[in-house]
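Structure first, commentary second.
The values are calculated or read from the model by the stated rules, or taken from the named source; none is laboratory data. None of these values were measured; they are calculated from a predicted model. Using ideal geometry, Cβ is built from the backbone for each residue, glycine included, and neighbour counts are taken over all protein chains shown. What goes into the accessible areas is simple: the full protein's heavy atoms, side chains included, and nothing from ligands, DNA or RNA. Shrake-Rupley method; radii C 1.70, N 1.55, O 1.52, S 1.80 Å.
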Amino acid sequence: TGLTFSAEVYTIASDTWRAATNMSRPRFNHSTTLLPTGHVLVAGGWDSTGPINSAELYDPSTGQWSLTGNLNIARAGHTATLLGNGDVLVAGGTGNSGVLGSVEIYHILDPTTGQSQWVGANNLQVSRVGHSATLLSNNKSTVLIAGGDGGEGTLTSSELYDTTTGQWTLTGSLGVPRSF
């Protein structure tokens with residue numbers, strides 16, 4: 001199932017992997033996001049009981065993990081997109097109630113202390129899991145969500161998130177349904 005506490009670090013210069021300290025909780029199908037601070041945010045995923053809401057940070061300078069507050073909703077198979085302002089947009093996935101349309105944002109309050117919070121955001125127009133999320137290059141203020149599975153099958157729909165207004169808008173459909 002891929003359920004593990006373990007983590008590994010890749011070193012570009014030597015093209016090698018090495019073991020890192022273990023995460024605080026075993027998980028799979030979680031998101032991993034490199035933050036501007038150099039820390040790595042690991043959020044959600046599955047454990048042996050189902051979707052989880054825990055999140056933790058890896059500090060490469062110390063090699064240690066620390067808990068960073070729970071997601072508002074347990075989820076797995078979601079996307080986590082680093083926004084231009086350093087926040088992370090977490091969208092969709094699978095939760096205890098099935099495919100999710102909920103969205104939340106990981107917001108760093110103080111980069112020096114690591115103080116942060118999870119803030120709810122407007123829901124997706126279409127609930128989805130296994131979709132793609134891409135920060136577009138138009139001033140890094142728009143995220144494109146495309147495809148995924150809506151619980152009734154693979155989707156062709158896509159939507160845009162405007163980081164300045166916090167609103168989702170449906171946009172053009174994919175030519176072929178796509179997920180995962």
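Here are the numbers for the structure shown:
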| item | result |
| --- | --- |
| Cα gyration tensor, the stretch 95-149 - rounded (a/c under 1.5), prolate or oblate | oblate |
| Fluctuation leader among Asp162, Asp87, Asp110 - the chain, Gaussian network, Cα springs under 10 angstrom | Asp110 |
| Normalised alpha carbon radius of gyration of the stretch 3-97 [divisor 2.2 N^0.38 Å] | 1.08 |
| Cα gyration tensor shape for the stretch 107-180, rounded if a/c is under 1.5, else prolate or oblate | prolate |
| In Hz, Karplus ³J(HN,Hα) per residue of the stretch 40-57 (6.51, -1.76, 1.60; θ = phi - 60°; x = Gly, Pro) | 10, 8, 10, 9, x, x, 10, 10, 5, 9, x, x, 10, 10, 6, 9, 8, 10 |
| Residue-normalised accessible area of the chain, given per residue in Å² at a 1.4 Å probe | 51 |
| Computed lengthening from Thr16 to Leu174, 0.36 nm per intervening residue step minus Cα-Cα distance | 53.1 nm |
| Protection-proxy order for peptides 48-59, 17-28, 88-99, each taking the mean of Cβ atoms within 10 Å per residue, highest first | 88-99, 48-59, 17-28 |
| Global geometry of the stretch 34-180, whether rounded, prolate or oblate, following the gyration tensor of its Cα atoms and the 1.5 cut on a/c | oblate |
| With every protein chain in place, the chain: carbon and sulfur % of accessible area (1.4 Å) | 51 |
